[in-house]
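Engineer: Structure below; questions to follow.
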Amino acid sequence: MKSQALGQTLEFLLYDWLKVQELSARQRFAEHSRETFDAVLDTCEKIAREKFAPFNRLADTQEPHFDGERVRLPESTHAAMQAYIESGMLAAAQDYELGGMQLPCVIEMAANAFFSKASVAMGGYAMLTNGNANLLMAHGTALQREVFARNEFAGRWFGTMCLSEPQAGSSLSDVATRAEPDGDGFEQDPLGPRYRLKGHKMWISAGEHEITENIIHLVLAKIPGPDGKTTPGTRGISLFIVPKHLVNERAELTGERNDVALAGLNHKLGYRGTTNCLLNFGEGRFKPGGKSGAIGYLVGQPGEGLKCMFHMMNEARIGVGLGAVMLGYAGYEASLDYARQRPQGRAIGPGGKDAASPQRPIIEHADVKRMLLAQKSYVEGGLALELLCARLVDEQHTADAETAAEAKQLLEVLIPIAKSWPSEWCLEANSLAIQVLGGYGYTRDFPVEQYWRDNRLNMIHEGTHGIQGLDLLGRKVVMNGGAALLALAARINSTIEAAVQQPTLAEQGNQLAAALAKLGRATKNAWASGVPEEALANATPYLQAFGHVVLAWLWLDLSLSAAGPSDFAQGKRAAARYFYAYELPKIEAWLGVVGSREALCREMRDSWF
C-alpha cells in the first residue's frame, strides 16, 4: 500500500521541504529523531496495508445494519480498529504520562494518511475519538480528563461529536436539544455539573457500535433560564459529556444504560464503513436513576459550548482535508497503474494510423497524460498543503513566541483552504481516475468508483464548502485589519523572490505575483461597499480562487526544493507546470464575480427557477 512513489513523496515533503527532523531540537520532541519518525510511519503503513486496505470494499458492501438490538459491523472492522488501538496512535501526540508518544502533529498526520488511503471509513472511528479526547484535554476538568479522555486515548472507549440536528445542520444557532439541571444536588457530582438532556442529533458518525465497551458523546445543548426559555443564537449553547453507559469517578461502568437511543442508521452514498446515526436523547427508553433524560456532565462554562467545540476544529479540518487527499491519491495510483497496462489505440504516423501495428498503452495518449497530470497536481499539492498546516500547528504549540504567533495567523487563513480545497479538487481527481478507466471505472470491479463515493462526503462534513467560503471572506481575511492575509502574502512573496532568481522558475514566479495581486484587489473590491450581503454572495468562488493561489504558491515552493535531473524531481516540476498552465488561469473567472460583487445569486428569486 505504501507505493514507492508515495513513500518518496512523503520523505521529500517531510524532510527536504518541511525539515521536520529539526523539531527534535525542541524540548517536547527531544527523544525523537528521523529514525523514530520513520519507525512510526513504517508501522502505520504496515497496519494499514494488512488490516485496513484488504477490507475496504467489504466495509462498503457490508455496511452497518441494526438488527433491533445492536449495530452489526464486519469482524474485519473490529480487527482493524484493535490493531490501530494497539499501535498507540490514538494518543500519538499526547504526553508520555498519558501513554502518548509526544509526536509532532505533522508526523501524526503523515502516519494517519496511510489509514485514510487504505480505508477512510474504518479510520473515521479513531479520528473522531482523538478529536473528542483532545477537546476534553483542553476544556475538561482534571477528573473529566482522567476518566474520559485517558480511556479514549487508550482505546477502551470511543467518542463522537454531536452537533447537528434534523432541523439544524450547519445552523447551530437553531439547536433545540435542552439540558435541565438534574435535581438539587447536581452541582456536587464529581464528574461535573449533572444535567438531563432531551433532543435529537442527526448525522452522528460512529454514534452507535460495539467496537468498544462504551461511547462518549460530546453533545451541544441549551440550558433554559428560570423562565424555561433558552437563549436564542449560539450564545446559549453549552457542551456536555454524555456516555452511552454510565460510569463512576473511577472510570468503572456502573451497569446502567444512559438514556441515549439509536433511532436509525443513515444509508449513505459512500463512507459506509462508519456508522451514521440519528440519536434520541431522553426519549425514555432507558431511565437512569428512574427518570427520563440522558445524563450529561457540563464541560467548561454554560454558554461556551461552541468555544469549546471549535478548539479542536483546526486539527479536525486538517484531518478531513488529509482524508480527501488520500482518497484522491488512492484513485490516482489505481488509474496510473491501469493506464500503464491498458492497451488501446495506435500511434498516428505521417500516413495515419497503421491498423496492423500493436496497440499502445493508454498512458501514451496526450489526453490520458492530461488527466493523470491533473490528478498528480491535485493530490501531491493537497498533501503538501495538509502537512504544511500540521507543521504550523507544531510551530504554534512549541516554537518561540514570535514564530508561534505567525503560525497562528497563517493557520487562521489556511484552515478553510486545508478543509475545502482537497475536498473539491481531490474529488475531481477521483472523477478523473474513473474517466481514465473508462467503462471499467464505472463498475465495482475496480476501486475508483468507491473512492469517489467516499470522497463526496468531504465537501459536506466539518463545515460545508459554502460555510468555509463565508468563514474565509467574511472573517479570516478581514479580521485584525487583514493581518492573517498579510502574513500569508509575505510568505508567498518570499517564495516569489527566490523563484524569479532562477531562469527556469522566473515565469511561474511572475505568474504567481500577478495572481496574488488580483486576489488582493478582489478582496478589497468585494468589501468596497461595506455591505456583507454584497461581499459574501460570491464567497465560494472567492474560496476557489484563494485555494488555487495557495496551491500555486506551494507548487512553486516545492519546485524550489525539487532540484536535479531525477525522474522524481522532473515529475514534481511537471505537476507544477501543469498547475500553472491549466489551473491558475481559472482564478480570472472566479475573482471576476467577486470583485464586481455580481448580484445575480443574491437577487435571484424562487419563482424564477
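The values are calculated or read from the model by the stated rules, or taken from the named source; none is laboratory data. Quick caveat, the model's predicted, so the values are computed rather than measured. All Cβ positions, glycine included, derive from the backbone under ideal geometry; neighbour counts span all protein chains shown.
Engineer: Would you point out the residue of the range 151-180, among those that are among the charged types (D, E, K, R) and in a helix (DSSP H, G or I), that is surrounded by the most Cβ atoms within 10 Å (Cβ to Cβ)? Give the steps one after another, and end with the answer.
Structural biologist: Filtering the range 151-180 down to residues among the charged types (D, E, K, R) leaves 152, 156, 165, 174, 178, 180.
Subset that is in a helix (DSSP H, G or I): 152, 174.
On the way: Glu152: 27, Asp174: 13.
Here the answer is Glu152.
Engineer: Okay, moving on. Within the bounds of the range 377-397, is there any residue that is more than 25 Å from Leu485 (Cβ to Cβ) and either part of a helix (DSSP H, G or I) or at pLDDT 95 or above (or both)?
Structural biologist: Yes, the range 377-397 contains at least one residue that is more than 25 Å from Leu485 (Cβ to Cβ) and either part of a helix (DSSP H, G or I) or at pLDDT 95 or above (or both).
Engineer: Would you tally the residues in the range 488-507 being among the hydrophobic types (A, V, I, L, M, F, W, C), surrounded by fewer than 20 Cβ atoms within 10 Å (Cβ to Cβ) and within 20 Å of Gln409 (Cα to Cα)?
Structural biologist: Adding up the residues that qualify gives 2.
Engineer: What about Arg285, is it among the basic types (Lys, Arg) and at pLDDT 95 or above? Please lay out each step first, then the result.
Structural biologist: Values: among the basic types (Lys, Arg): yes; at pLDDT 95 or above: no.
Here the answer is no, as Arg285 does not meet what is asked.
Engineer: Still on this model: From the list Ser33, Ser24, which one is within 21 Å of Leu388 (Cβ to Cβ) and either surrounded by 20 or more Cβ atoms within 10 Å (Cβ to Cβ) or modelled with pLDDT of 95 or more (or both)?
Structural biologist: Testing whether each residue is within 21 Å of Leu388 (Cβ to Cβ) and either surrounded by 20 or more Cβ atoms within 10 Å (Cβ to Cβ) or modelled with pLDDT of 95 or more (or both) leaves just Ser24.
Engineer: Condition first: of a type outside the set (Gly, Ala, Ser) and either outside any helix (DSSP H, G or I) or over 20 Å from Ile415 (Cβ atoms) (or both). Now tell me which residues in the range 514-545 satisfy that.
Structural biologist: Lys518, Arg521, Lys524, Asn525, Trp527, Val531, Pro532, Glu533, Glu534, Asn538
Engineer: Residues of the range 549-597 being surrounded by fewer than 20 Cβ atoms within 10 Å (Cβ to Cβ) and either polar (S, T, N, Q) or not assigned by TED's automatic domain parsing to the domain that holds Ala514 (or both), which ones?
Structural biologist: Within the range 549-597, Ser561, Ser566, Gln570, Ser596 qualify.
Engineer: Determine if the range 65-86 includes at least one residue that is outside the structural domain of Glu208 (by TED's automatic domain parsing), in contact with a Phe, Trp or Tyr (Cβ under 9 Å, 6 or more places away or on another chain), among the basic types (Lys, Arg) and assigned to a helix (DSSP H, G or I).
Structural biologist: Scanning the range 65-86 turns up no residue that is outside the structural domain of Glu208 (by TED's automatic domain parsing), in contact with a Phe, Trp or Tyr (Cβ under 9 Å, 6 or more places away or on another chain), among the basic types (Lys, Arg) and assigned to a helix (DSSP H, G or I).
Results for (1) part of a loop (DSSP other than H, G, I, E, B); (2) of a type in the set (Val, Ile, Thr); (3) closer than 25 Å to Arg72 by Cα, shown as yes or no for each residue.
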site: Met202; (1), (2), (3): no, no, yes
site: Glu208; (1), (2), (3): yes, no, yes
site: His217; (1), (2), (3): no, no, yes
site: Pro232; (1), (2), (3): yes, no, no
site: Leu239; (1), (2), (3): no, no, no
site: Arg250; (1), (2), (3): yes, no, no
site: His267; (1), (2), (3): yes, no, yes
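Engineer: Filter the range 45-64 for residues that are over 15 Å from Asn112 (Cα atoms) and assigned to a helix (DSSP H, G or I) and give the result.
Structural biologist: Once the filter is applied, which keeps residues that are over 15 Å from Asn112 (Cα atoms) and assigned to a helix (DSSP H, G or I), the range 45-64 yields Pro54, Phe55, Asn56, Arg57, Leu58, Ala59, Asp60, Thr61.
Yes/no per residue for (1) more than 17 Å from Asn455 (Cα to Cα); (2) among the hydroxyl-bearing types (Ser, Thr, Tyr):
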position	(1), (2)
Gln396	yes, no
Glu402	yes, no
Ala405	yes, no
Gln409	yes, no
Val413	yes, no
Pro416	yes, no
Ser420	no, yes
Glu424	no, no
Ala429	no, no
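Engineer: Could you go through the range 116-134 and let me know if any residue there is in a loop (DSSP other than H, G, I, E, B) and surrounded by fewer than 22 Cβ atoms within 10 Å (Cβ to Cβ).
Structural biologist: The answer is no, given that none of the residues of the range 116-134 is in a loop (DSSP other than H, G, I, E, B) and surrounded by fewer than 22 Cβ atoms within 10 Å (Cβ to Cβ).
Engineer: Please count how many residues of the range 197-240 are touching a residue at least 12 places away in the same chain (Cβ under 8 Å), small (Gly, Ala, Ser) and under 19 Å from Asp182 (Cα atoms).
Structural biologist: Qualifying residue count, the range 197-240: 4.
Engineer: Select from the range 129-148 the residues that are touching a residue at least 24 places away in the same chain (Cβ under 8 Å) and of a type in the set (Gly, Ala, Ser) and write down the one among them that is nearest to Leu163 (Cα to Cα).
Structural biologist: The selected residue is Gly131.
Engineer: Among the residues of the range 511-531, are any buried (at least 23 other Cβ atoms within 10 Å of the Cβ), within 28 Å of the chain's Cα centre (by Cα) and under 24 Å from Lys376 (Cα atoms)?
Structural biologist: Yes, the range 511-531 contains a residue that is buried (at least 23 other Cβ atoms within 10 Å of the Cβ), within 28 Å of the chain's Cα centre (by Cα) and under 24 Å from Lys376 (Cα atoms).
Engineer: Okay, next question. Could you tell me whether any residue of the range 185-194 is in contact (Cβ under 8 Å) with a residue 60 or more places away in the chain, in contact with a strand residue (DSSP E or B) (Cβ under 6 Å, 6 or more places away or on another chain), assigned by TED's automatic domain parsing to the domain that holds Lys268 and acidic (Asp, Glu)?
Structural biologist: No.
Engineer: Shifting gears a bit: Pairs needed: first member in the range 292-315, polar (S, T, N, Q); second member anywhere, in a helix (DSSP H, G or I); C-beta distance under 7 Å; at least 6 residues apart or different chains.
Structural biologist: These pairs meet every condition: Asn314/Val393; Asn314/Leu411; Asn314/Ile415.
Engineer: Quick check on Gln375: is it free of Cβ contacts under 8 Å to residues at least 60 places away in the same chain and either touching a strand residue (DSSP E or B) at 6+ places or on another chain (Cβ under 8 Å) or outside the structural domain of Asn480 (by TED's automatic domain parsing) (or both)?
Structural biologist: For Gln375, the condition - free of Cβ contacts under 8 Å to residues at least 60 places away in the same chain and either touching a strand residue (DSSP E or B) at 6+ places or on another chain (Cβ under 8 Å) or outside the structural domain of Asn480 (by TED's automatic domain parsing) (or both) - is met.
Every residue, every condition in (1) farther than 30 Å from Leu172 by Cα; (2) among the polar types (S, T, N, Q); (3) not in a helix (DSSP H, G or I), yes or no:
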position	(1), (2), (3)
Ala418	no, no, no
Trp425	no, no, no
Ser431	yes, yes, no
Ile434	yes, no, no
Leu437	yes, no, no
Tyr440	yes, no, no
Arg453	no, no, no
Ala489	yes, no, no
Ala498	yes, no, no
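Engineer: I'd like to know if the range 183-202 contains one or more residues that are under 21 Å from Phe115 (Cβ atoms) and buried (at least 21 other Cβ atoms within 10 Å of the Cβ).
Structural biologist: no
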